[in-house]
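What follows is one structure encoded as C-alpha cells, with my remarks underneath.
The values are calculated or read from the model by the stated rules, or taken from the named source; none is laboratory data. Source: prediction; values computed, not measured. Here the Cβ is made from the backbone with ideal geometry for all residues, glycine too, and neighbour counts use every protein chain on show.
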Amino acid sequence: MFAKRFLGVGLLTSLTALSMAAMTMTVDLKEGQSISGSFKFDVRVQSDSVVNSVEFYLGDDLRDTDESTPYQFGIDTLAEPEGKVKVTFAAYNGAGESVKKSFNIVIDNQLTKGVKFHVDRATELTRDGKLDEAIQAARIALKIDKNDNTARMAMARANYAMKVYDVAQKYAEDVVMSDPKNVDGKALLAAINLRRAFAASGGNAAETNRIIKDALVNAASAQRDILILEADAVKRPTSGSLVPYLDAQIKAMRYNVVASTLRADYEKNMDDPALTNRFLLALYNTGRFEEALKVINNIDRYGSPDAYYFSLKSFVLQALGNTTGSEGAEKEVILEDPSGALSKYTQAQLAIARRRISVVPGFVAELERSAPSSADVDYFKSTIAFMGSDYDRALGSVQSGLLSNPAHVALLVERGNQILESVFSQNLTGDALSDRATLSQAYFEAALAARPESYQALIAMTYSHLVNGQTDKAVGYARAAVAAAPEYGGAYYALAGALRQAQVDAQGDLSKRAVALTYRDQADAALLRAGQLDSRLKGQIAPNGKSMWQYIYYTGRTAILPMPPKE
C-alpha cells in the first residue's frame, strides 16, 4: 500500500514535471552580452498548446508583444541610455501556461571612441557598399554630437548611396544651414537635385517641368557657390605670379574679373603666354570679339604665340565669320600640339561650327581616352549622339556630365537646345509646343544660375520665348545678351529677331504704331551691327525663333577649352 502510494506520488511528480516542461523558451542572447545599433532579438517557444503571445520588456517597461511566429523584437539602442539593462521575454499559451526568461545585458555603442572614429567608419562602409551599417555608424556619431557636420555629411552620403534622397537632402541642408561655406554639403545637394530632375515624370507636364527646373537650378546654383567659395579663397597677390589668382577666377567663370585684371598691363606682358592667353580667353567668354581681334593682332606682331593662343585665335576668327583665318590658326594648333587634348578640343568644336559633323566622333574618341569621365567629353558625346539621332545616348551623356559638373553651362544649353529641336522637327503647336519650350527653358535657366552673364544661355532664352509666343520676354533676354556680349554678332542677330516680332505684334494695335516704328528701327540697327561683327550675318533678314536656333546650334556655340598652360 505504501509502495503504491509512493509510486502514485512519484507518477504525479513526473506528470507535473512534464507539464512544466511542455512550454520552453530559447533566446539568441547571452547573459552580460553587449549590443549596439539596431538590435533584433529572436525568441523561440515550444508548447503543446497554442502560444497566444510573447512579450518583450526593457527593464520593467513592456515594449512589444508578438502574437505569431517568428517571435522577433527590435530595439534601437541609440534611443536608449548606454549601460546595463535587463531584458525580459514572457510567453503565454492557450492552456494558461507561461514561461519567462530575463537577461542582464549592456547597451554599448562605443560612444567613448568619439565622433571621428564613427564618421570614418561610416565613410568606409559607404565606400564598400555596406549602407545599413554605414547609417548605423553615422547615427552613433550623431548621438555623440547631433550638431557635428561631419556626422551629418556621413549620414547624408550613406542615404544618398541608398537612394533615399529626401533623408540625404535633409542632412545636407542641415550642414549648409549650419555652415553656408561648406563645399561638401553644397556638392551633395547639387547631386541630389540632379537625381530628382532626372527622375521627374508624370502626367502633369507643367508640374513636372517645374520640378525639373527647380532641381536643375538648385544644382547649378550650389555648384556655382562652390566655385565662388574656392575663387574667393585665392587672394590677388600684391607681387609675384598672378596665374593662381586668375585660374581661380576662370574656374569660377568670372571672366570679367580676369579681363579687368589684365586689360591695363597686358601689352607689357606680350612675351608671357600665361597672361596673354588668359586675357584672350576672358575676352572671348565675355563676347568682346573686336577687342580680342586687336589683342590677336598685337600678339601676332609682338607676342610669343603657343598652341593655346592659336586655338583661341581660331575660335575668335570663327565667331567673326572669318573661316579661312580660323582654319589657318587651327593648323597652327595641330602643328604645335599634334596629339594633345587641346588640338582635339579645337578640331571637334570647329568641325561642329563648320557643320562637318562626320569627322567629330573621331576627335571625341581620342579626347575620351585622355579624359574618360570629363563633363566636357560628355558634352561632345551628347552633341554628336543627338546630331546622329541617337536621342537616348544624347540624354545619357547629358546626365552623366551634369552629375560630374552641375554648372556646365555649355552642357545645360546643349540639352535645352536638344529639347527645343523637337518643336521644329515635330511641328508642335499649342500645349505640346508650350510644354517643350518650357522644359527647354529649365535647362537654360539652370545655365544662367551657373553663370548669370552667359550670353549663350541668354540668347537661348531669347529664342525659346520667341518660339513660345512670349515676345516681351524674348526682347528682354536679347537685350541682356547684347549687354553681356557687346561685340558678338549672334547676340545682335537674336535681338533683331526679337525686335522684329515685337514690331509685328505692335502693328496689330493702332495705338502702338509709333512703338512699332521704334521696334523696326531698332531691329534694323541690330541687324546691321550683327553683320558688322559676323560676316556670315551680313545681308540677312531678322530671324524667327527657328532660324535663330539653327544659327546658334550649329555655328554660334561658345567654345569650351581646358585651362591654359601655367607657363
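Just a few scattered comments:
- Per-region count, segment 503-534, residues under 30 Å from Gln318 (Cβ atoms) and buried (at least 16 other Cβ atoms within 10 Å of the Cβ): 9
- Note on segment 122-199: enclosed helices (runs of 4 or more DSSP H) holding 1 or more residues that are under 15 Å from the mean Cα position of the chain (by Cα) are 149-161, 165-178, 183-199.
- Candidates are the residues of segment 91-121 that are over 36 Å from the mean Cα position of the chain (by Cα) and of a type in the set (A, V, I, L, M, F, W, C); the one that is surrounded by the most Cβ atoms within 10 Å (Cβ to Cβ) is Ala91.
- Meets criteria (surrounded by fewer than 21 Cβ atoms within 10 Å (Cβ to Cβ), among the aliphatic types (A, V, I, L, M) and under 25 Å from Ala491 (Cα atoms)) for Leu320: no
- Some residue of segment 480-495 being among the aromatic types (Phe, Trp, Tyr), outside any helix (DSSP H, G or I) and surrounded by 19 or more Cβ atoms within 10 Å (Cβ to Cβ): yes
- Within segment 452-465, the set of residues being under 18 Å from the mean Cα position of the chain (by Cα) and crowded, with 24+ Cβ neighbours inside 10 Å comprises Ala457 only.
- Residues of segment 145-159 include at least one that is within 23 Å of Ile192 (Cβ to Cβ), out of contact with any Leu (no Cβ under 9 Å at 6 or more places or on another chain) and surrounded by 14 or more Cβ atoms within 10 Å (Cβ to Cβ).
- As for segment 429-436, it holds at least one residue that is under 24 Å from Asn204 (Cβ atoms), in contact with a Ser or Thr (Cβ under 8 Å, 6 or more places away or on another chain) and surrounded by fewer than 24 Cβ atoms within 10 Å (Cβ to Cβ).
- Whenever a residue of segment 185-203 is at pLDDT below 90, its partners that are surrounded by fewer than 24 Cβ atoms within 10 Å (Cβ to Cβ) and of a type in the set (Phe, Trp, Tyr), lying with C-beta atoms within less than 8 angstrom and at least six residues away or across chains, give the pairs Arg196/Tyr165.
- Filtering Asp120, Asp166, Asp148, Asp132 for residues that are among the charged types (D, E, K, R) and farther than 29 Å from Glu82 by Cα leaves a single hit, Asp166.
- If you go through segment 340-376 and keep only what is polar (S, T, N, Q) and in contact (Cβ under 8 Å) with a residue 24 or more places away in the chain, you end up with Ser343, Thr346, Gln349, Ser370, Ser373, Ser374.
- The listed residue being farther than 28 Å from Val183 by Cβ, under 28 Å from the mean Cα position of the chain (by Cα) and modelled with pLDDT under 95, out of Ala394, Ala348, Ala341: Ala348
- Scanning segment 74-90 for residues that are surrounded by 14 or more Cβ atoms within 10 Å (Cβ to Cβ) and either touching a Lys or Arg at 6+ places or on another chain (Cβ under 7 Å) or at pLDDT below 90 (or both) returns Leu78, Thr88, Phe89, Ala90.
- Residue that is nearest to Ile226 (Cα to Cα) [pool: residues in segment 249-270 that are charged (D, E, K, R) and not in a helix (DSSP H, G or I)]: Arg254
- Just one of the listed residues (Leu433, Leu403, Leu420, Leu395) is among the hydrophobic types (A, V, I, L, M, F, W, C), assigned to a helix (DSSP H, G or I) and closer than 16 Å to Ala457 by Cα, and it is Leu420.
- Every condition in (1) over 25 Å from the mean Cα position of the chain (by Cα); (2) surrounded by fewer than 19 Cβ atoms within 10 Å (Cβ to Cβ); (3) at negative phi holds for Thr471 except the one numbered (2).
- Glu31 meets the stated requirement of being closer than 27 Å to Glu133 by Cα and loosely packed, with under 15 Cβ neighbours inside 10 Å.
Conditions (1) more than 27 Å from Thr438 (Cβ to Cβ); (2) among the polar types (S, T, N, Q); (3) in contact with a Ser or Thr (Cβ under 6 Å, 6 or more places away or on another chain), marked per residue:
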residue: Lys473; (1), (2), (3): no, no, no
residue: Ala478; (1), (2), (3): no, no, yes
residue: Gly489; (1), (2), (3): yes, no, no
residue: Asp509; (1), (2), (3): no, no, no
residue: Asp521; (1), (2), (3): yes, no, no
residue: Ala530; (1), (2), (3): yes, no, no
residue: Ile552; (1), (2), (3): no, no, no
residue: Ile560; (1), (2), (3): no, no, no
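- Unique residue being in contact (Cβ under 8 Å) with a residue 40 or more places away in the chain, over 25 Å from Gly202 (Cβ atoms) and in a helix (DSSP H, G or I) when the list is Gln441, Gln456: Gln456
- Residue count for segment 296-317 under the criterion of being in a loop (DSSP other than H, G, I, E, B) and either touching a Ser or Thr at 6+ places or on another chain (Cβ under 7 Å) or closer than 15 Å to Tyr284 by Cβ (or both): the result is 1.
- Test result for Ala516, in a helix (DSSP H, G or I), touching a residue at least 60 places away in the same chain (Cβ under 8 Å) and in contact with a helix residue (DSSP H, G or I) (Cβ under 7 Å, 6 or more places away or on another chain): no
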